[in-house]
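Let me begin by presenting the structure, written as structure tokens, before commenting on it.
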Amino acid sequence: MAAGESKVIRTLHFKFTMPAADPAQLSAMIKSAKPFYEFFGTTKIRLLQNVDDPARFIQVIEYEADAEVETNRQRIASDPRVQGYLQAWRAMLPGVVEMDVYQEL
């Protein structure tokens, strides 16, 4: 890391419901998108399924990125690669996908 550069760590939660979900298909999609996630920096990706309601999922993405990149999240959201990924998720999921961004304190 060059002098003056700083890193931030963020955790994204994508919450969605998929009644007829095939966990293997979801896992395969997430694995195939790993290069996309690496666009944001160092990443750790998990897919969690609700034990009491198996149709509910949370995809957790933890990433470390340059602080400058993080401040331009809106610009990144309009990136064609990001838009393409979101369109693929919307095509797979019948309902709303909730997204929350967290930071560690």
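Quick notes on this one:
- Karplus (6.51, -1.76, 1.60) ³J(HN,Hα), θ = phi - 60°, over the stretch 83-91, in Hz, Gly and Pro reported as x: 4, x, 5, 5, 5, 5, 5, 5, 5
- The order of T43, T17 by accessible area, most exposed first and with a 1.4 Å probe, is T17, T43.
The values are calculated or read from the model by the stated rules, or taken from the named source; none is laboratory data. Because the structure is predicted, anything quoted here is derived from the model rather than measured. Heavy atoms of the whole protein, side chains included, go into the accessibility calculation; ligands, DNA and RNA do not. Shrake-Rupley method; radii C 1.70, N 1.55, O 1.52, S 1.80 Å.
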